[in-house]
Each structure stands twice: as C-alpha cells, then as structure tokens.
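The values are calculated or read from the model by the stated rules, or taken from the named source; none is laboratory data. Predicted model only: the values in this text are computed from it and were never measured. Positions of Cβ are backbone-derived with ideal geometry, glycine not excepted, and every protein chain shown enters the neighbour counts.
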Amino acid sequence: SYLIEPLLVSTDAQQHAVLRAKSLHLPRGNCQHHHGNNRNEEPLNDFLHGMMSARSARVCLGRMTLNIRVALIGLEVWTNTDMINVSDNPHSTLAAFLSWRRRQLNTLPNDNAQLITGKSFQGTTIGLAPLKAMCSDYQSGGVNTDHSESAVGVAATMAHEMGHNFGMSHDSTGCCQAKAEDGGCIMAAATGHPFPRVFNGCNEKELMSYLSSGGGKCLFNLPNTRSMYGGQRCGNGYLEDGEECDCGEEEECTSPCCNANNCTLKAGAECAHGICCDNCKLKSPGVLCRAPSGSCDLPEYCDGKTETCPANFYLVDGTSCAGGQAYCYTGMCLTLQQQCLSLWGRDGQTAPDLCFKKVNEAGDMYGNCGKDLLGKYRSCQDRDAKCGKIQCLTSASKPIENNAVRIETTVTVGNKRIQCMGTHVYKPGQEDTQGDTLDPGLVLTGTKCGDDSICFNGECRNASFLRADECNAKCHGHGLCNNNHNCHCDAGWAPPLCDQRGSGGSVDSGPVISHSEILYVQILTVSLRLCSFLTLSYFVFHQVLSFQFWLSSLWLSLWFWLLLDCGAATGINSTH
C-alpha cells in the first residue's frame with residue numbers, strides 16, 4: 001500500500017511524496033486475521049484464490065477485514081494542466097473523470113480508478129461515486145477531495161467511495177460497533193477526525209450480496225504484476241516473474257508448499273496457491289474451477305498447466321437474458337423485478353408503467369432521472385421514465401434499507417387505483433439531502449427499459465451501442481461473446497469462432513474436457529503402447545514396410561502419452 005503526502009516546500013509548485021503505508025507511524029493496535037463464519041463466503045473466497053497468500057488475501061482495517069487487496073497499477077499526476085474539467089461540482093467532475101477513464105482503458109486496463117483533487121466540492125461533499133459499479137467500463141470509479149493534511153483522511157474517503165462501488169450503502173443504526181473516539185466505521189454517512197479505519201458486518205453482508213448476484217466479475221483475475229507500483233518483491237503475496245510461489249512474509253506464511261524465504265516451491269510440490277492446485281499438485285485439465293454464478297456468467301476450467309483458475313469471464317454487456325426480458329450488464333442479469341425484491345423484500349413486484357411516468361416526470365428528489373451536471377434533478381422524458389426512480393408494488397410497511405423511507409404515489413389505471421411505491425435514501429440528520437452516492441433508488445444502469453433499449457445513466461438508450469449482437473454474430477449461431485469479445489462456444493463446437501466441431505468453451509476459459517474424454521485418452525494410450533511393442537515383434541519378420549508402420553505407432557503412442565501427461569489495475573466509489 002502507498003500513500004501520497006504533500007511536501008512543505010517554498011516553491012509555488014505543489015509537490016507530493018509517495019511512500020509505503022508501512023512507513024506511516026500509526027497508533028499501535030491489534031490487527032488479527034478475521035476467521036469468522038464461513039457461511040456464504042464462496043464468491044469472496046473464489047476471488048481470493050486468485051491472489052491466495054496470507055498477506056494478499058486480506059486488507060487489515062482494524063479488527064474487521066473484507067478480504068480485498070487493492071493493487072496500485074498506475075499513478076498519474078497532472079502537473080501542468082488537468083486532463084478534465086475539475087470544478088467544485090462533484091457531479092460534473094465525476095462524469096468528466098469517468099469519461100476520461102474509459103478513454104484510457106486500452107492504454108492502461110484497470111478495474112477501477114479514483115481521482116484525488118485539491119479542489120473543494122460544493123457543500124459538505126468530499127467524494128462521489130456510483131453505487132454497484134465495480135468493473136463497469138463506464139462507471140467504475142470515484143472522485144475524492146484531499147480534505148485533510150493526514151493521508152488517512154483521504155484514504156478513508158476513498159475507501160468509503162470504493163465501498164459504494166462494491167455495493168455498500170451507508171451504515172444503518174446498529175451496524176457500527178467501533179467507538180466514535182476511535183473514528184467509527186468507514187461506511188458511516190458522515191465522518192470526521194479521528195478518521196475511521198474499519199468496515200463492519202453490515203458492509204461484509206452487502207459485499208457478499210453484490211458478489212453473489214454477479215457483481216465484481218473483473219476481480220477474479222490477477223493484476224499485472226509487471227505494472228504494479230513499487231516493483232517486484234518476494235514476500236508481497238503476488239506471484240511475480242522469477243518466483244515459483246509467494247505466500248507472504250515468513251512470519252505469516254502458512255502454505256505447506258512454498259518456501260517463504262525465497263519464494264520457491266518445496267520439494268515435490270508443483271504449485272502452492274490457486275483453485276487449480278490441490279495438495280501441492282496441479283489439477284487435471286478440464287476440471288471445473290469456477291461454476292457460473294448466474295445466467296450471464298460463464299464457467300472456467302483448469303488448464304492443467306497453471307495453478308490459477310482463468311479470469312472470471314461473463315457474457316458481453318447487452319446480451320439478452322431472462323428469456324428476453326433483460327440484458328446482461330457487468331455479469332449480472334438486471335431486472336426491475338429483482339431490484340424491487342432487493343428494496344422491499346419477497347413480495348416486491350414491478351409497478352405498472354404509468355407509475356414510472358407519473359412519478360418521474362416531477363423532477364424532484366422523489367421522482368427523477370438522476371441529476372444533471374449542475375447537480376439539479378432531471379425530469380424524465382416519457383421514453384426515459386423506466387430509468388428513473390424505481391416504482392414497485394408491495395405490502396411491506398418500509399424498505400429493507402434502514403436509512404430509507406417509502407414514497408407513495410396513487411395512480412388510476414382503468415377503474416383501479418394503484419399505490420406506487422418508491423424509496424428515498426437519506427443521511428441521518430440530513431433528511432433533505434441525497435448523500436454521497438448516486439441515488440440507490442434509481443433503476444440500475446444496464447436494466448432493460450423497452451424493446452432493444454437499456455438504461456444508461458438515467459436515459460433509455462438503444463442497446464445497439466453496446467454492440468453485443470455484432471459480436472455474437474461472429475459465433476456462427478453456436479455460441480455467444482464473452483466480455484473479452486471472444487466467442488464462448490456451445491458444447492460440441494470449438495473456439496475461436498464456433499464454426500467447427502469441438503468440446504465447447506472459449507480461448508479464455510480453459511479447455512472443456514470431460515472425464516470420459518480423459519478416460520478414453522488413457523485407454524487409447526495403453527492400447528497404442530501395446531501396439532508399439534506388438535509391431536516391434538512383427539518388424540523382425542517384415543522389414544521395410546513394417547518399419548514405417550512401427551514408427552507411426554510409436555509416434556502416436558508418444559503423442560498421446562505427452563497429451564496425457566501435459567494436459568490439454570483498481571477502482572472503487574461514493575459521497576460523504
């Protein structure tokens with residue numbers, strides 16, 4: 001971890017120093033690994049296996065861990081001029097920064113980007129980021145004000161905003177057990193000095209819900225260790241060039257397969273970390289290492305050569321799901337029904353279209369299509385109404401979120417009066433303000449809003465801009481594109497274009513080899529070995545012609561034997 005501190009110099013230019021977090025002298029405390037209950041931890045553990053070591057498998061923040069490590073892969077300082085228009089308006093600054101990030105993705109691929117600025121935002125806002133946006137090409141990031149002389153201050157703000165990107169809302173009553181004099185909790189709606197250093201159980205639950213629903217798909221791959229800030233080092237928990245393993249520092253390494261002092265494998269070990277490593281041995285090719293988490297997710301398989309499961313691939317944004325009733329977006333099949341259930345509970349249902357139209361044409365905090373670049377609520381045009389504040393039908397007396405109130409609107413459909421239920425989320429003590437996240441009561445970006453149309457930043461746009469159909473067309477009707485824009489072929493068809501017979505899968509997800517196929521190879525190998533010896537005996541009596549046949553048999557035997565043996569950057573969001 002690294003910190004950026006301003007230097008006190010006499011020149012007009014503002015200079016900063018970049019230093020390791022361990023160089024910062026903090027009050028002594030007890031920071032222990034959180035073992036907790038293993039219930040519902042599979043999505044998080046799956047993510048951890050990608051960088052499995054005692055050090056890399058956790059970020060120690062007080063006594064509560066979220067088991068997430070942020071790898072810094074790029075640091076850009078704008079010295080002469082800003083690359084975007086940074087103003088005191090957090091909304092316009094965020095929009096400009098996210099647009100800039102998207103343009104830079106091809107140059108420096110990253111999961112998330114955060115802007116730190118010395119400019120103060122309007123009001124009490126010190127940060128702003130989209131909710132549940134981690135991994136989105138368009139929304140994964142946030143903006144933060146460098147509001148304190150202490151690096152811990154802006155670090156807490158950035159962690160808070162990233163928490164929103166991970167699907168975390170503000171803490172409701174009873175969530176935070178940390179004392180106020182110790183800083184409280186990171187996801188509190190309002191914080192101050194001393195700055196918070198801990199997440200809590202409510203945050204962990206929301207994170208697990210987000211990952212389980214298909215969010216955060218980009219987090220399952222390893223960062224590019226060559227581009228990580230700070231250079232390579234044995235003991236940092238990342239497997240880097242020249243290392244056979246890396247289980248962290250010697251005092252924290254618990255791996256039975258790795259020598260922590262020099263990052264080499266122990267005698268007889270083939271691997272040390274990863275889902276595709278079992279008892280220090282590589283799993284066979286074709287073994288499922290990550291099952292799909294939903295209809296928009298894709299399976300991944302071990303390749304028999306590496307210990308890590310391939311990165312988590314999913315259907316390209318804009319692919320139809322839920323029987324044509326929704327679209328895939330960042331690995332999730334987003335429906336209005338699903339969002340009503342998450343807001344209201346098990347009897348939540350999508351309200352009629354008239355509810356969306358009547359409520360969201362108001363252009364106030366209770367009915368809108370988000371805010372414009374000036375921070376003012378936008379009235380929804382008729383076409384965009386289903387991309388504004390979500391409207392549901394429910395018998396629940398209040399939303400699930402504690403810091404939320406129900407907003408009732410009655411409309412008449414035919415001779416029937418219908419109560420449309422919306423939500424308004426507020427900061428405790430500041431009920432008239434929206435808070436530091438983009439409104440969680442809005443329909444999520446990526447939700448279907450009409451035929452061939454998808455919600456995007458409060459607008460109902462033609463889904464063709466995502467170019468999913470264009471990509472899927474190259475798969476010859478026998479597969480669909482993944483988020484790498486490569487075909488994931490149906491069973492019986494071979495990548496890369498699904499135009500020839502094969503076992504299915506993609507060039508990204510590992511080989512799809514069933515156990516019956518492996519058994520067939522084993523039987524065929526034994527048969528060919530025997531055949532080679534029989535042919536050798538026959539060669540004694542039949543010389544030239546049989547010699548050619550024997551060489552062919554021996555070559556095939558060796559080929560199948562080899563086949564059998566060898567096998568087939570960062571980001572986060574919110575507003576204080």
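Kindly evaluate Gly435 against the criterion of being modelled with pLDDT under 90, buried (at least 22 other Cβ atoms within 10 Å of the Cβ) and on the phi > 0 side of the Ramachandran plot. Criteria met by Gly435. Within the stretch 117-155, the set of residues being more than 14 Å from Val86 (Cα to Cα) and either of a type in the set (A, V, I, L, M, F, W, C) or not assigned by the TED database to the domain that holds Phe195 (or both) comprises Ala129, Leu131, Ala133, Met134, Cys135, Ala151, Val152, Val154, Ala155.
Taking (1) farther than 20 Å from Gly216 by Cβ; (2) outside any loop (DSSP other than H, G, I, E, B) in turn, Asp88 satisfies each apart from (2). Taking the stretch 375-421 as the range and being in contact with a helix residue (DSSP H, G or I) (Cβ under 8 Å, 6 or more places away or on another chain) and over 17 Å from Gln339 (Cβ atoms) as the test, the residues that pass are Gly375, Ser379, Asp382, Thr409, Val411, Val413, Ile418. Close contacts from the stretch 271-285, counting a first residue that is over 19 Å from Glu243 (Cα atoms) and a second that is buried (at least 19 other Cβ atoms within 10 Å of the Cβ) and among the aliphatic types (A, V, I, L, M), with Cβ to Cβ under 6 Å and a gap of 6+ residues or different chains, come to Pro285/Ile513; Pro285/Ala568.
Matching residues to (1) of a type in the set (A, V, I, L, M, F, W, C); (2) modelled with pLDDT of 90 or more; (3) in the same structural domain as Met168 (by the TED database):
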position: Gln381; (1), (2), (3): no, yes, no
position: Gln391; (1), (2), (3): no, yes, no
position: Thr409; (1), (2), (3): no, yes, no
position: Gly450; (1), (2), (3): no, yes, no
position: Asn457; (1), (2), (3): no, no, no
position: Cys475; (1), (2), (3): yes, yes, no
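Table: residues versus (1) aromatic (Phe, Trp, Tyr); (2) at positive phi; (3) buried (at least 24 other Cβ atoms within 10 Å of the Cβ).
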position: Leu128; (1), (2), (3): no, no, yes
position: Thr145; (1), (2), (3): no, no, no
position: Gly163; (1), (2), (3): no, no, yes
position: Gln177; (1), (2), (3): no, no, no
position: Asp182; (1), (2), (3): no, no, no
position: Cys185; (1), (2), (3): no, no, yes
position: Ala189; (1), (2), (3): no, no, no
position: Phe195; (1), (2), (3): yes, no, no
position: Phe199; (1), (2), (3): yes, no, yes
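Annotation: of all residues in the stretch 391-416 being among the aliphatic types (A, V, I, L, M) and out of contact with any Cys (no Cβ under 7 Å at 6 or more places or on another chain), the one that is nearest to Glu206 (Cα to Cα) is Ile400. Just wondering, is there one or more residues in the stretch 498-514 that are modelled with pLDDT of 85 or more, touching a helix residue (DSSP H, G or I) at 6+ places or on another chain (Cβ under 9 Å), surrounded by fewer than 17 Cβ atoms within 10 Å (Cβ to Cβ) and at negative phi? No - not one qualifying residue is present in the stretch 498-514.
Conditions tested, residue by residue: (1) modelled with pLDDT of 90 or more; (2) closer than 15 Å to Cys460 by Cβ.
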site: Gly318; (1), (2): yes, yes
site: Cys321; (1), (2): yes, no
site: Cys340; (1), (2): yes, no
site: Gly348; (1), (2): yes, no
site: Phe356; (1), (2): yes, yes
site: Met365; (1), (2): no, no
site: Cys369; (1), (2): yes, yes
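Output the number of residues of the stretch 271-306 satisfying the condition of being out of contact with any Asp or Glu (no Cβ under 8 Å at 6 or more places or on another chain) and part of a loop (DSSP other than H, G, I, E, B). Residues in the stretch 271-306 being out of contact with any Asp or Glu (no Cβ under 8 Å at 6 or more places or on another chain) and part of a loop (DSSP other than H, G, I, E, B): 17 in total.
Filtered by the rule that a residue be assigned to a loop (DSSP other than H, G, I, E, B) and polar (S, T, N, Q), the stretch 146-192 gives Ser148, Ser150, Ser169, Ser172, Thr173, Gln177, Thr191. Only one entry in Gly348, Gly286, Gly323 is at positive phi and buried (at least 19 other Cβ atoms within 10 Å of the Cβ), namely Gly286.
The residue list Asn224, Asn203 contains one member that is outside any loop (DSSP other than H, G, I, E, B) and within 20 Å of the chain's Cα centre (by Cα), which is Asn203.
For the condition surrounded by fewer than 21 Cβ atoms within 10 Å (Cβ to Cβ) and on the phi > 0 side of the Ramachandran plot, Gly230 qualifies.
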